[in-house]
Amino acid sequence: MTTALERIESTSQALKVFPLPSAVLFPQAVLPLHIFEPRYRALVKAALAGDKVMALAQLEAGWEGQYNERPPMQPMACAGLIIWHEELPDGRYNILLQGVCRVRLLGELSADKPYREVRAQPLPDAPFHGPEEERLRQAVFDLAGRVPASFAENLLPLAARAQGGLLADVVAAAVVPEPERRQELLCEVDVRARLTAVMQDVGELVARLSPVKPVGPLN
């Protein structure tokens, strides 16, 4: 059976890209998207008819006046799989896109389709084990005592199971809201450096939050 990474690799010479300045996808994270522009409806339709692979990319600064054209994209993106979709009567789509791996954009293909395609280099993380993992998990446990229980209940199992670079990614996806910072972390291909950077983000968040007071009588 073909793995998700193999599906990304098989499309890397003509990878469909959706540039979306307001969102950054991380490997294994799931992002809901509403697709309404005609060119990106065509992208989703083509992806669903084939391998269900597409990438999400940020645009370079100054894109605002060129959005309807083909403004330059930042070279690091995340490729993923459409794991669920709903086609609406007027041709729009609601989809869930699950990240698989980082990809480096190497060059854009000719503009013979309404959407954008690139040659890309998949960048899966190498296996990693080091003390940075447990330090980040401990920071997440500290954070769990300062956020609503519903948030902690979702994050803690992810942090407990994930390892290496994926641990940094699942935590960043959950706790880092700013697209610019998320893009910085997406661009960090060194796993140790990424774990350390996310740990700093979590530590700063912990420092700003007060512990959640227990609810109910104390024994």
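Between LEU205 and GLN163, take the C-beta separation as r, use R0 = 22 Å, and let me know the FRET efficiency to the nearest 0.05. Step by step, r from the Cβ atoms, then E = 0.50. Placing one identical point scatterer on every Cα of the chain and ignoring solvent, what is log10 I(q)/I(0) from the Debye formula at q = 0.16, 0.17 Å⁻¹? Values, matching the q order: -1.08, -1.18. For GLU184, neighbours were defined as the other residues whose beta-carbon sits under 11 Å from its Cβ, and their charges (Lys and Arg +1, Asp and Glu -1) total -1. Less than 5 angstrom separates the built amide H of ALA57 from those of PHE18, LEU20, all sequence-distant by 5 or more or on a different chain. The residue list GLN13, ASN154, VAL100 was ranked by how far each Cα lies along the charge dipole of the chain toward its positive end, using unit charges on Cβ atoms, and ASN154 comes out on top. Counting charges near VAL170 (Lys, Arg +1; Asp, Glu -1) among other residues having Cβ under 15 Å from its Cβ returns a value of -2.
Heavy-atom accessible surface of SER210, to the nearest 10 Å², is about 90 Å², with a 1.4 Å probe and all protein chains retained. DSSP beta bridges fully contained in the range 70-168 are about 100 percent antiparallel. State the antiparallel share, in %, of DSSP beta bridges confined to the chain, rounding to the nearest 5. In the chain, DSSP labels about 90 percent of beta bridges as antiparallel. Within the accessible area of the chain, the carbon and sulfur atoms contribute 55%, probe 1.4 Å, all protein chains present. Counting only Cβ charges, +1 for Lys and Arg and -1 for Asp and Glu, the dipole size of the chain around its Cα centre is about 240 debye. Helix 149-161 sits at what angle to the longest principal axis of the chain, using alpha carbons and giving 0 to 90 degrees rounded to 10? The answer is roughly 80 degrees.
Annotation: amide H-H contacts under 5 Å for SER12 (H modelled 1.01 Å from N, sequence separation of 5 or more, or interchain): none. Using the Cβ of ALA29 as centre and a radius below 13 Å, the other residues enclosed give a net charge of +1, where K and R count +1 and D and E count -1. Once the convex hull of all Cα atoms in the range 1-110 is built, its volume per residue stands at 105 Å³. Computed over protein heavy atoms with a 1.4 Å probe, the accessible surface of the chain works out to 52 Å² per residue.
With loop membership from DSSP and a limit of 16 other Cβ atoms within 10 Å, the longest segment of the chain without trypsin sites (Lys or Arg not before Pro) is 1-91. Rounded to whole numbers, the Karplus 3J(HN,Hα) couplings from phi for the range 37-42 are 5, x, 5, 8, 4, 4 Hz, using 6.51 cos²θ - 1.76 cosθ + 1.60 with θ = phi - 60°, and x at Gly and Pro.
Between the helical axis of 131-144 and the longest alpha-carbon principal axis of the chain there is an angle of about 80 degrees.
For ASP112, the accessible area of its heavy atoms, probed at 1.4 Å with every protein chain present, is near 120 square angstrom. Karplus-based coupling profile of the range 75-85, in residue order and whole Hz: x, 10, 9, 10, 9, x, 10, 6, 9, 7, 8, with θ = phi - 60° in 6.51 cos²θ - 1.76 cosθ + 1.60 and x standing for Gly or Pro.
Here the translational diffusion coefficient of the range 130-181 follows from Stokes-Einstein with Rh set to the Kirkwood radius across Cα pairs; for 4 °C and 1.567 mPa s it amounts to 115 µm²/s.
With everything on Cα atoms, drop me the angle between helix 191-208 and the longest principal axis of the chain, reported from 0 to 90° to the nearest 10. Here the helix axis deviates by roughly 60 degrees.
The values are calculated or read from the model by the stated rules, or taken from the named source; none is laboratory data. Note that the coordinates shown come from a computational prediction; the quantities given were computed from them, not determined experimentally. Cβ atoms come from the backbone with ideal geometry, glycine included; neighbour counts cover every protein chain shown. We work out accessible area using only protein heavy atoms, side chains counted, and drop any ligands, DNA or RNA first. Shrake-Rupley method; radii C 1.70, N 1.55, O 1.52, S 1.80 Å.
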